[in-house]
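See structure below.
The values are calculated or read from the model by the stated rules, or taken from the named source; none is laboratory data. The structure displayed is predicted, hence computed values, not measured ones. All Cβ positions, even for glycine, are placed from backbone atoms using ideal geometry, and neighbour counts span all protein chains on display. All accessible areas refer to the heavy atoms of the entire protein, side chains included, with ligands and DNA or RNA removed. Shrake-Rupley method; radii C 1.70, N 1.55, O 1.52, S 1.80 Å.
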Amino acid sequence: MAPSDTVKVFARLRPSNPEADGPEDVEGGGGGGTFLTPAALEDSDGCFQAFDCTSGELVYQKPGDGGDGMTFRFDGLFGAGATQGEVYQGAARTIVDGVLQGYNGAILAYGQTGSGKTFSMRGPEASTAPESEIGAIPRALSHLLEERERLSKEENVDVSLCVSYLQIYCEILQDLLAPASTNLSVREATDGRVYVQGLSRVPVHSINQCMEILREGDNHRTVAFTNLNAASSRSHAAVIVHLERREPTVGGERGMLVTSTLTMVDLAGSERVKRSGVQYQKLEESKAINLSLSSLGNCVSALAHERSHIPYRDSKLTRLLSQSLGGNARTAILVTLSPGNDLTSENLSTLRFAQRASRVKVSAVRNETVDYATLYQKAQAEVDRKDDSIHALELEVAKLKSQLTECKAERDAAVDKKTAAEAKFQSAEAGYAASLNALQQTSGEDADGSRAVAAIESVNEKWRSEIDTLQKQHEAQLAELRQRMEKQIHAYKSAAAEASQEHAVAEGELTHEREGYLETLTKYRECREQLQQSEKESAARISELLVEKADYEAKEAELVEALESARKTADISLGKASDMAERVESLESVHREQASQISRDYVSREHVEAMERLFKETVERLTNRLEQLEENVPDRQRGRGSEGTRKILSSIEDPRAAAGGAGGGIRRGVRVEPGGGGAARGIRIEPGRLRAGGGGRGAGAADRRRNF
Ligand code: ADP
Ligand code: MG
């Protein structure tokens, strides 16, 4: 498992008036620590109260606000006086060294427009700017090229470098080195590598060539104009360096292939679009411009909080940087800050982003594999070399054979010549013998004849010696020819023996090597098959995991929805509960009041019934008495009788009298109210009704109520 590390975050404060000041070497700068301490904060009227490059601590305070301000910690701080070289050495160098070792790297510049991102990454725009002002991207390229030279010379390591240059504007990914290739897609390989499909790669060999490539890409970059900076870009620009490092086979160790990428991004300004004052053609455009940066913020936030879901897929920028953020890469983020007090809130949001980013964990691994391709190429080259030497030996043998044939032909011609000369000599000899005979026959005939014979003999003698000389010459020639031929045959034979011996040795070596290579190839094939198999398995597993992930996401969404509705229900229930609590409270107070009322007014049913009975009997008695009296009274006394009746009735109407009359039948809490005022409570007896007989009594009874 790869060792875990965090994203390294650095901050750089732009000089307050860069046009006038420019970066300059500050006395004592760069000598002691890694980072340069600025001569002055250069922000006395701004939001930075302290900018301590030694401890990496920066104190931010909103101008006009009291208190101690907020402290932010960085892996390094670069003051307004820091040089481009110091920024590269402090923030980027380690990442580039890691890339040379086979670790992926990323360097991002984040900050509001005009704060110095492009200056830090690329350097000033003017081509006449001094070399000391070139930015981190050209410095990294130059560093990589120099190291390539050194590795090739000193360690026999072959490094190849290719460069890509792209921009993302309004979610459209464009290849700046092949501008016709617009709207490219970001894809993920089966091994998890993220790449841009169809993005061109240019092999680079010198820094001048690199600068030319960058200038060409710049010409294609979409630039919008803002109030803040007349040349500020609203697009994200990324330079990607692809490195392949082939290490030689040493002893029995197989050569390794190391691959890595370095992604360097100059992000678009992080300020809110409203703040930049840009008039976008459409709302869609302004949304798309913001999308990548807000997605970047969301991903960084999700990573900082170690959430299970990181929304890389929300934008092309975050997809492209998915490895650099929380993956197989070493990453440095340089946040750029503007001095002065008109941009303080933007500075604060930049600082917050930086703080979250510094909590993001990354785990870079060395990307190396056995260099099978190079091994195969080497084996093939060796086989080809052996084939060539066999072919050369075969040619030599054929040449010797043809020379032998030529020698044989020469020898045959010499033998033929000799035979012809011998035949000529024999015929001359025969002619001579015949001439001699004829002369001997005629020698005795005259002296002239013997002189002639002598002359012929001397001629003959001359011929003979000439023939002898010729014969000797011929024999010498033949002997020399034979000698030469024998020599040549000997040479041919030894060359042929040597050739066949070499052939046999080469054949043996070749067979051995071939077997070795075949074995390597077989292993390579096996490995490839295993790799393919494991790729298939991991692809299947990935698709399973994706399905599971989708399920989990769906479940999560359901749960969130359920939680939301539960929350709503709970809110409603809480509202209801508080209403009910209020109602319960009021009911309880009513209850308490009633309870006290009851305890005050309580009278038992038996008493009421007894009282009712008492009333009934009293009323009946009184009614009977009244009727009786009215019947018995003479007409003249009727007025007085009526007077008596009224007195009786008034005595009945007086509850105290009635109670006294009933012998204490009414107890505590029962009120007998005169008239209708007390109808709601107690018992009311109306005189009219009593007079009306039984019907009146029934109505009187219905009017009686008990209250609790
Ligand atoms: P950004 O890319 O963040 O919008 P620039 O890099 O274009 O900002 O910087 C804005 C201006 O400030 C440019 O003219 C640039 O040359 C200048 N500048 C920025 N940072 C520095 C610095 N550290 N030293 C000198 N000039 C700087
Ligand atoms: Mg810029």
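Filter segment 104-127 down to the residues that are over 24 Å from residue 347 (Cβ atoms), open to solvent by 50 Å² or more (accessible area, probe 1.4 Å) and either away from ligand 1 (no atom under 12 Å from the Cβ) or among the aromatic types (Phe, Trp, Tyr) (or both) and list them by number.
Once the filter is applied, which keeps residues that are over 24 Å from residue 347 (Cβ atoms), open to solvent by 50 Å² or more (accessible area, probe 1.4 Å) and either away from ligand 1 (no atom under 12 Å from the Cβ) or among the aromatic types (Phe, Trp, Tyr) (or both), segment 104-127 yields only 127.
Residues in segment 113-132: is at least one within 16 Å of ligand 2 (Cβ to nearest atom) and more than 22 Å from residue 217 (Cα to Cα)?
Within segment 113-132, the subset within 16 Å of ligand 2 (Cβ to nearest atom) is 113-126, 129.
Next cut, more than 22 Å from residue 217 (Cα to Cα) only: 115.
Among the residues of segment 113-132, at least one is within 16 Å of ligand 2 (Cβ to nearest atom) and more than 22 Å from residue 217 (Cα to Cα), which makes the answer yes.
Checking the condition surrounded by 12 or more Cβ atoms within 10 Å (Cβ to Cβ), closer than 27 Å to residue 12 by Cβ and assigned by the TED database to the domain that holds residue 242, which residue from 130, 138 passes?
138
Just need a number here: residues in segment 356-389 that are surrounded by 17 or more Cβ atoms within 10 Å (Cβ to Cβ), modelled with pLDDT of 80 or more and assigned to a loop (DSSP other than H, G, I, E, B).
4
Could you say whether any residue in segment 75-82 is open to solvent by 10 Å² or more (accessible area, probe 1.4 Å), more than 26 Å from residue 195 (Cα to Cα), in contact with a Lys or Arg (Cβ under 9 Å, 6 or more places away or on another chain) and more than 16 Å from ligand 1 (Cβ to nearest atom)?
yes
Spot the failing condition for residue 93; the list is (1) touching a Lys or Arg at 6+ places or on another chain (Cβ under 9 Å); (2) open to solvent by less than 20 Å² (accessible area, probe 1.4 Å); (3) within 18 Å of residue 266 (Cα to Cα); (4) away from ligand 1 (no atom under 11 Å from the Cβ), and only one is missed.
(2)
Can residue 592 be described as assigned to a helix (DSSP H, G or I), modelled with pLDDT of 85 or more and open to solvent by 90 Å² or more (accessible area, probe 1.4 Å)?
So residue 592 fails the test.
Residues in segment 173-221 that are at pLDDT below 85, within 16 Å of ligand 2 (Cβ to nearest atom) and open to solvent by less than 50 Å² (accessible area, probe 1.4 Å): how many?
1
The rows are residues; the columns are (1) within 16 Å of ligand 1 (Cβ to nearest atom); (2) modelled with pLDDT of 90 or more; (3) more than 26 Å from residue 95 (Cα to Cα).
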| site | (1), (2), (3) |
| --- | --- |
| 242 | no, yes, no |
| 255 | no, no, no |
| 258 | no, yes, no |
| 262 | no, yes, no |
| 281 | no, no, yes |
| 284 | no, no, yes |
| 293 | yes, no, no |
| 297 | no, yes, no |
